[in-house]
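I have placed the structure first, in the form of structure tokens, so that the comments after it can refer back to it.
The values are calculated or read from the model by the stated rules, or taken from the named source; none is laboratory data. Values in this document were obtained by computation on a predicted structure and should not be read as measured data. Note that each Cβ is placed from the backbone with ideal geometry, even for glycine, and that neighbours are counted across all protein chains shown.
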Amino acid sequence: MDIMTIEHLTKVYGEGDTAVRALDDVSFSVQAGEFIAIIGSSGSGKSTLLHLMGGVDRPTSGTVRLQGQDIYERTDEQLAVFRRREVGLVYQFYNLIPVLDVVENMTLPVLMDGRSVNDKRLNMLLRTLKLTGREHYLPNQLSGGQQQRVAIGRALMNAPAVVLADEPTGNLDSKNSAEIMRLLRDSNRQLKQTLIVITHDEDIALMADRVIAIEDGRLVRDERIRQVPAATHGGTAAAFPSKGAR
Ligand SMILES: Nc1ncnc2c1ncn2[C@@H]1O[C@H](COP(=O)(O)OP(=O)(O)OP(=O)(O)O)[C@@H](O)[C@H]1O
Ligand SMILES: [Mg+2]
């Protein structure tokens, strides 16, 4: 089953002589529960694509459908709700709120939605992301890697149907990077979460079910590495995370 369909997606920044065609007529579908790696050189349009899939920006033309519905038919307010509820986005440059501490940053989207925080899940994420003991630190009191892990925690807090992660291990050493990828992959497999990760790391790309390459704003390669596992009964936070082997 396709959860997301992207058709003729184009994004042009600026106008006239200075216009940049960051994304140029990109089309593909995403299966529910699929783990996709997006690769491509710097400036090729990867972040632009991820942001458009997450409802962060509006396309110049083309559509992004989630479960059949064009997300850009929504008003800005409806899009804000979409971003909080339907997707978890890990930004390349974290986008943490400087005056909020670790726990407040992680739980903000849930609280803004008027829902209560699942403490068990929060504590599990703090533990897995090695943020225990740093709960009340502000972003500027954290290392780059710690800030990156807070951004990942914020995206996973909601257990969203779709996780969009922009270089989620870009600031981490190889050991931490492997642990974070295991967390994301366990979450993908156990919660049947669709996972889309931008990466420069070949090892991470090889963990994915499918690799999509973007160059100069165009989709130049779309390669299946393995079948998406059949639906598991999953869906409960209790079953997660496991010490899954790669
Ligand atoms: N807000 C913006 N205004 C103008 N141009 C932009 C904007 N955002 C991105 N661009 C341009 O669009 C192109 C694609 O940028 P994008 O950030 O999507 O690349 P990327 O593949 O994520 O690169 P990197 O690997 O370095 O993160 C670049 O040429 C960039 O300069
Ligand atoms: Mg980028």
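Yes/no matrix, rows are residues, columns are (1) in contact with a Lys or Arg (Cβ under 8 Å, 6 or more places away or on another chain); (2) of a type outside the set (Val, Ile, Thr); (3) surrounded by fewer than 12 Cβ atoms within 10 Å (Cβ to Cβ):
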| residue | (1), (2), (3) |
| --- | --- |
| GLU73 | no, yes, yes |
| GLU77 | no, yes, yes |
| PHE82 | yes, yes, no |
| GLY88 | yes, yes, no |
| TYR91 | no, yes, no |
| TYR94 | no, yes, no |
| MET106 | yes, yes, no |
| GLY114 | no, yes, yes |
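In segment 172-196, the residues that are closer than 28 Å to ASP2 by Cα form Cβ pairs under 6 Å with partners that are acidic (Asp, Glu), at six or more places apart or across chains, as follows: THR194/GLU34. For segment 20-70, the strands (runs of 3 or more DSSP E) that sit wholly inside it and include 2 or more residues that are out of contact with any Leu (no Cβ under 7 Å at 6 or more places or on another chain) and within 16 Å of ligand 2 (Cβ to nearest atom) are 20-31, 35-39. Could you grab the pairs with beta carbons closer than 6 Å, sequence gap of 6+ or different chains, first residue in segment 30-56 and within 16 Å of PRO168 (Cβ to Cβ), second one within 16 Å of ligand 2 (Cβ to nearest atom) and part of a loop (DSSP other than H, G, I, E, B)? Once the first residue is within 16 Å of PRO168 (Cβ to Cβ) and sits in segment 30-56, its partners that are within 16 Å of ligand 2 (Cβ to nearest atom) and part of a loop (DSSP other than H, G, I, E, B) give ALA37/THR199; LYS46/GLY40; SER47/GLN92; HIS51/ASP57. Given the criteria of a type in the set (Asp, Glu), away from ligand 2 (no atom under 16 Å from the Cβ), closer than 27 Å to GLN31 by Cα and in contact (Cβ under 8 Å) with a residue 24 or more places away in the chain, does GLU135 qualify? Against the criterion (of a type in the set (Asp, Glu), away from ligand 2 (no atom under 16 Å from the Cβ), closer than 27 Å to GLN31 by Cα and in contact (Cβ under 8 Å) with a residue 24 or more places away in the chain), GLU135 does not qualify.
Given the residues ARG127, ARG84, which is the only one that is more than 16 Å from ligand 1 (Cβ to nearest atom) and touching a residue at least 24 places away in the same chain (Cβ under 8 Å)? After ruling out the rest, the residue left standing is ARG84. When the residues of segment 133-171 are filtered to those that are surrounded by fewer than 19 Cβ atoms within 10 Å (Cβ to Cβ) and among the hydrophobic types (A, V, I, L, M, F, W, C), which remaining residue is modelled with the lowest pLDDT? Ranking the qualifying residues of segment 133-171, first place goes to ALA159.
Within segment 161-187, the set of residues being within 16 Å of ligand 2 (Cβ to nearest atom) and closer than 20 Å to GLN31 by Cα comprises LEU164, ALA165, ASP166. Does ARG65 meet the test of being modelled with pLDDT of 95 or more, of a type in the set (Lys, Arg) and either buried (at least 16 other Cβ atoms within 10 Å of the Cβ) or closer than 23 Å to GLN147 by Cα (or both)? Judged against the criteria, ARG65 is a match. The residue that is farthest from VAL197 (Cα to Cα), counting only those in segment 39-81 that are among the basic types (Lys, Arg) and more than 8 Å from ligand 1 (Cβ to nearest atom), is ARG74.
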